[in-house]
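Please treat every number below as a calculation from the coordinates, not as lab data. Bear in mind that the values here come from a model prediction, so they are computed numbers and not experimental data. Note that we place each Cβ from the backbone using ideal geometry, even for glycine, and neighbour counts take in every protein chain shown.
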Amino acid sequence: MLKLLFQFIAKERSLRNLQKTFPSQFLKSLTMSQPKASVNRPTDISRPVIEEPNSRIIYPEVRKDTKVEEMIHEYRVRDAYRWLEDPDSEETQRFVSAQNNISQPFLERSEEWEGINAKLTKLFDFPKFGCPMRHGDYYYHFKNTGLQNQSVLMQQKTLEDPEVVFLDPNTLTADGTTALSQKTFSDDGAYMAYGLSESGSDWNKIRIRKAKERTDFPETLEKVKFSNISWTKDNKGFFYGRYIDQAGKTDGSETKQNENQKLYYHRVGESQDQDKLIVEFPEHPLWRLQTDVSDCGKYLILSISHTVRDNMVYYADLKEDEAITFKPIVDKFEADYDYITNEGSKMYFHTNKDAPKYRVIVIDFDNPAEENWTTLIAEHEKDVLEWAKCVNEDKLVVCYNRDVKNILQALDLHTGQLIRQFGLDIGSINSISGKRKYSEIFYGFSSFLTPGIIYHYDFSKPVEKPKVLRESTLNLEGFNRDDFSVEQVFYRSSDDMNIPMFIVRRKKDGVEPRPCLLYGYGGFNHSLMPSFFITGLMFVDTFDGVLAFPNIRGGGEYGMEWHNGGRLLNKQNGFDDFQAAAEYLTKNNYTTKDRLAIQGASNGGLLVGACINQRPDLFGAAIAQVGVMDMLRFHKFTIGHAWCSDYGSPDDRTHFSNLFKYSPLHNVHIPLNPNQEYPSTLILTADHDDRVSPLHSFKFAAALQEAVRHSEYQLNPILLRVYTKAGHGAGKPTTMRINEATDIITFLRKTLNVDSVNL
């Protein structure tokens, strides 16, 4: 019955013409109205939100603290919802409960949700595999039978032998919210140091497992965050980063800034309090430390960063029983340097130093002056060199990005000459494993319509082609990827820049407007590559829809120039690119405004938030996940200070002025005419997100709801859904992933003009 209540009348959809659009029962649970002046509005935000006889959602009354006002760079800034920055206050918790009291009934208590959830569960239920990794006497790979909350790490003696469970995170908690967040094996493969994340937090607890016995040593290392693990070649221990001075909670629900990371050495079998402090930089509390033990075992390479781009490089000689003393090689934050391998004192780095599309250079630590650096692989004219990995003694496997499609090659380590080209379809390499001392490699490939293929290649058998080791196939009745098309188009942005975009849809004659999901990111030098996106595929299959991925500026699709074109004072370019994508799709008859939804997460959540403020007339619905919404205070929480490389620092007057122009929280408007009505908006966040604190979503939702509360032109819903025991996204259990995707698809089913539903 409820399914019929939410049917849209496709040809005459207009949220401003109620009689022509929705059955009256639908309006009782969806829309908002301005109450009569004589009605006393509730002040207790914990009260139920649907009132009778008024047939509209009543948003919770949220306290506005008018006293919070400050002058910043001659700007008068009011922050009425700053109290929502305290996640532990009773008032914040009442706010969260009140918001969920609106969003959960709207999303979950319906036949739509049940049907969509059932289909998504079937869609998720197929075997998934990770790349095998060879360590010592065993091969390891991740495997998920389909609906397991966490993938299981399996062990094999050979690739043909039966697999046994090496580590199953599903046994650690009943709800699957403890995830294996990282792992690194000792050089001989005897031990695996691994990190566990709880409830989606970035905080890790490190344990050590014996490969042969499949049991753990007794010690647990805590207060570990943003750290890799680097084993010494004697297999006795490893280096790792630790925030030993972090006060208060360290479970992912806190907002305190992360400062004073220190580098330690841990010896296997000893307690953490015996770990040796290697280096710290108290005069630079925001520096973060990553290490690599060189392939020869002689050097410890220290990478120092304070944002998400550009790092300095120090190194130390590793001599037994001698103090570790670091020497600078690169002492300025001006480029990226990633260690690849070394031959003696000659170190190979992947870098964008003087190469916006990246190159491979050689630095001799015995003669490290920059004028002595040499180039092994020069910067390509068009293609971006994404990474390089040394395997089979003297081979470099390199991955290029060519017009947002991956190219995989093998080159000679000494000459840089091409040895082999690995054929790939349109898609991306999502994983690779291999070591310098082994001749075989494994790599994983995925695309919009291909969940995953694992390839195996052995350089000791150069005549043979790469073999398909494992392939994941969907268990969805009637699904055939040959029925779908993937096209890449190029469209013009507002400044006439050419922007690429992938469009996925069913093959058919002609083009007719269909429901469309437009997904974007555009930041931090991250490339939005063709990859498997279950929520998007569900949208296309269920609504006979269109999926669009524009590669907007700010990403890394065309190297540092593309990245710089959408960062700092150029950040607006990325928003313009995204809005131009929406205009292209509507002008070329792929969709219409009332059928068009936008979605983005993290920096993509910022993208969605900024775009619905700037061009609400373009979109029918918006999904903003774990977004950065307060651009004037983002740098004050957890790891937010590291994002100043992309956004600019609010402490700088010029950047503050720029941030103020597009900050989602500070550009919310009251709809004063039909074109200013916000699209139906679903804001999603999680209580243990210590990457982008949920306070961003809290404050943005509160401001939006207050702005639209009394507008006669705002009939589309503004909802906030807050998940518990969840974080920024990594390690999220399958059950939570399915339920979140169900919430998104259900929301779009109810708010977009959908005329075809296949459940």
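Can you flag which of LYS298/LYS395; LYS157/LYS319; LYS395/LYS465; LYS256/LYS332 are past 25 Å Cα-Cα? In this structure, LYS157/LYS319; LYS256/LYS332 exceed 25 Å between Cα atoms.
For ASN667 and ALA118, compute 0.36 nm times the residue count separating them, minus their Cα-Cα distance, and round to one decimal in nm.
193.8 nm
In the chain, a dipole from Cβ-located charges (positive for Lys and Arg, negative for Asp and Glu) runs towards its positive end, and of TYR240, ASN204, TYR584 it is TYR584 whose Cα lies farthest in that direction. Ellipsoid semi-axes for region 398-527, based on the Cα gyration tensor and the rule √(5λ), read 33, 21, 12 Å when sorted largest first.
In the chain, the DSSP beta bridges split such that about 85 percent are antiparallel, to the nearest 5. For the chain, a simple Cβ point-charge model (Lys and Arg +1, Asp and Glu -1, everything else neutral) yields a dipole of about 1880 debye relative to the Cα centre. Note: relative contact order over region 383-473, using C-alpha pairs below 8 Å and six or more positions apart, is 19 percent. Pair-distance distribution P(r) for region 626-759, from all Cα-Cα distances in 5 Å bins starting at 0: 2, 10, 16, 17, 17, 16, 13, 7, 2, 0, 0 percent.
Nearest 10 degrees is fine. How inclined is helix 734-751 to the longest principal axis of the chain, computing both from alpha carbons? Helix 734-751 sits roughly 30 degrees off the main axis of the chain.
For the listed peptides 616-629, 168-181, 288-301, a ranking on the average number of other beta carbons within 10 Å per residue, highest first, reads 616-629, 288-301, 168-181.
Orientation-averaged projection of region 383-473 equals 5.7 nm² [convex hull of Cα atoms, one quarter of hull surface area]. In a reduced charge model with +1 at each Lys and Arg Cβ and -1 at each Asp and Glu Cβ, region 383-473 shows a dipole moment near 200 debye about its Cα centre. Among VAL62, VAL330, sorting on how many other beta-carbon atoms sit within 10 Å of each Cβ, with the fewest leading, yields VAL330, VAL62. For the chain, the relative contact order is 12 percent, taking Cα pairs closer than 8 Å that sit 6 or more residues apart in sequence and dividing their mean separation by the residue count. Neighbour counts of C-beta atoms inside 10 Å place SER472, SER680 in the sequence SER472, SER680, starting with the fewest.
Could you put LEU537, LEU719 in order, starting from the residue whose Cβ has the fewest other Cβ atoms within 10 Å?
Values: LEU537 22, LEU719 25.
Ordered by Cβ neighbours within 10 Å, fewest first: LEU537, LEU719.
Applying 0.36 nm per residue to the separation of ASP366 and ASP234 and subtracting their alpha-carbon distance, the gain on full extension is 45.1 nm.
Panel values: region 65-192, Kirkwood radius from alpha carbon pairs, Stokes-Einstein at 10 °C and 1.306 mPa s, translational diffusion coefficient 80 µm²/s. In the chain, the DSSP-assigned H stretches of four residues or longer account for a calculated mean residue ellipticity at 222 nm of -5500 deg cm²/dmol, using -39500 (n - 2.57) per stretch and the full residue count as denominator. Full extension of the segment from SER657 to ARG506, taken as 0.36 nm per residue of separation minus the current Cα-Cα distance, would add 49.9 nm. Based on the convex hull around the alpha carbon atoms, region 500-540 presents an average projected area of 3.8 nm².
Highest mean first, the peptides 739-749, 79-89, 411-421 sorted by other C-beta atoms within 10 Å per residue fall in the order 739-749, 79-89, 411-421. Ranking GLY609, GLY555, LEU596 by how far each Cα lies toward the positive end of the dipole of region 532-619 (charges on Cβ) leaves GLY609 at the top. Pick out, from ILE738, HIS266, SER472, the residue whose Cα sits farthest towards the positive end of the charge dipole of the chain, with +1 on the Cβ of Lys and Arg and -1 on the Cβ of Asp and Glu. Going by the charge dipole, the pick is ILE738.
Note: region 677-738, Cα convex hull, 83 Å³ per residue.
The magnitude of the dipole of region 521-605, with charges of +1 and -1 set on the Cβ of Lys/Arg and Asp/Glu and taken from the Cα centre, is near 180 debye. The orientation-averaged projection of the convex hull spanning the C-alpha atoms of the chain amounts to 33.1 square nanometres. Averaging 1/r across all pairs of distinct Cα atoms in region 123-203 and inverting the result yields a Kirkwood radius of 13.5 Å. The label point for ASN480 and the one for GLU343, both projected 7 Å from the Cα toward the Cβ, are 5.3 nm apart.
Cross-link pairs exceeding 28 Å in C-alpha to C-alpha distance, out of LYS205/LYS467; LYS236/LYS346; LYS67/LYS699, comprise LYS205/LYS467. Rounded to the nearest Hz, the phi-derived 3J(HN,Hα) couplings of region 57-70 under the Karplus curve 6.51 cos²θ - 1.76 cosθ + 1.60 (θ = phi - 60°) are 5, 9, 5, x, 6, 10, 4, 9, 8, 6, 7, 7, 8, 8, where x marks glycine and proline. Any idea what angle helix 111-124 forms with the longest principal axis of the chain, computed on alpha-carbon atoms, 0 to 90 degrees, nearest 10? Its long axis makes an angle of about 20 degrees. With a ≥ b ≥ c the root eigenvalues of the C-alpha gyration tensor of region 567-687, is it rounded (a/c under 1.5), prolate (a/b larger than b/c) or oblate? Here region 567-687 falls in the prolate category.
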